């Protein structure tokens, strides 16, 4: 599919899409608890659908009623021998330890870029927890056979915090007692906060967080017995970041449905927009962003995105219009995304005339030059497609984006929302 974006000013109000980070974690929590869960404002992105399918294969019953999803579960009790994680990195890293709670042998597969992502973490860790485990030399497919047994363990969290999230869910499901998960080099700490928030909301056992280095499951703590959990999926800061950047460079945007006190890491977009001097109005009900009348995009910025690597694409679009040279730290976090995002961002934005240098762990973007129209490619990466679309709003001609359907992975309404903002201008 191709999307053709014409240069235009934008204006309007958008309700933020549901956070897939919260939605997928809520699915996992609904699976591992006994009882009924009612999910309000659920997401239906490709990754969300993968999570819903996984929990059904692992024994949950899912019913969609109007704008709610009702989940009934008695815990992990697989009805199939295989789960398919689609292209969701969170799903495979989170649900693999959860699937290993069962005595049944489960094959774990996925598609697209997920087949190229290494899973050596599990090769090293799961056998220590008495799980029989096989992989294809560290890649998919994976085969697990439990039951997983919680133990004191040391894990490396440098590649992704999602592995730790999976272990925390598995230990909580087993009501682990007097055991500690010790973590070194933990990345994306805010996402662990989100995991702990979800466990708490579902009445599941929460470990003691010792400054993100140890997670201790106390024997005196226990799951809280709740007959029904009602959980509302909060708005997605990752997708909204593109809308907020669009407002900063091309007009005026109001985004509703975002929790300003959220644990989502990508809430940090507000910090960067503040650095650039964007005109912002922030309330509990909405966030409004407008283009500065002095400099499109504002002043150049320096930002460490190690804990929020998904912000790289919208930040590159923002930096392209900032006056001066912007620097983003944390490039090493980009290699194993839907594409190698450092190289993909450099390749596609250079087609539009933006100079990008990769130096050690830094991405250096020279802003203020004219953005040219032409043909770019998403590389089947949803965030690349959205970043190119946002930059195209201030290009000197139309930008055609090949592989535009990639946005379905996280934000299927993106093109509809962007068209709405263009139509209202």
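Values as computed for the structure displayed
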{"item": "Between 0 and 90°, nearest 10: helix 89-99 axis offset from the chain longest Cα axis", "result": "10"}
{"item": "Over region 353-425: Kirkwood hydrodynamic radius from C-alpha pairwise inverse distances, Å", "result": "13.4"}
{"item": "Inter-label distance for residue 2 and residue 40, nm, one decimal - labels placed 7 Å from Cα along Cα-to-Cβ", "result": "4.4"}
{"item": "Estimated 222 nm signal from helices in the chain, with DSSP H stretches of n ≥ 4 weighted -39500 (n - 2.57), rounded to 500", "result": "-9000 deg cm²/dmol"}
{"item": "Over the chain, volume per residue of the alpha carbon convex hull, in Å³", "result": "127"}
{"item": "Stokes-Einstein diffusion coefficient of region 20-218, Kirkwood radius over Cα pairs, 25 °C, 0.890 mPa s, in µm²/s", "result": "149"}
{"item": "Segment residue 124-residue 284, length gained on full extension (0.36 nm per residue, minus Cα span)", "result": "53.2 nm"}
{"item": "Cα→Cβ-extended label distance, 7 Å offset, between residue 154 and residue 413, nm", "result": "4.7"}
{"item": "Full-extension gain in nm, residue 177 to residue 329, via 0.36 nm per residue minus C-alpha separation", "result": "50.9 nm"}
{"item": "Cα long-axis angle, helix 162-173 against the chain (0 to 90 degrees, to the nearest 10)", "result": "30"}
{"item": "Order of 119, 280 under a 10 Å beta carbon neighbour criterion, fewest first", "result": "280, 119"}
{"item": "Rounded tilt (10° steps) of 414-424 against the dominant C-alpha axis of the chain", "result": "30"}
{"item": "Share antiparallel - DSSP beta bridges, the chain, percent rounded to 5", "result": "65"}
{"item": "Cα→Cβ-extended label distance, 7 Å offset, between residue 82 and residue 9, nm", "result": "5.5"}
{"item": "Förster radius 56 Å - calculated FRET efficiency between residue 227 and residue 359, Cβ distance, rounded to 0.05", "result": "0.50"}
{"item": "Cα-based shape type of region 266-425, given that a ≥ b ≥ c are square roots of the gyration tensor eigenvalues and the cut on a/c is 1.5", "result": "rounded"}
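Here, each number is a calculation from the coordinates, and none is a lab measurement. All values derive from a computational prediction rather than experimental measurement. Counting neighbours? That spans all protein chains shown, and the Cβs are built from the backbone with ideal geometry, glycine included.
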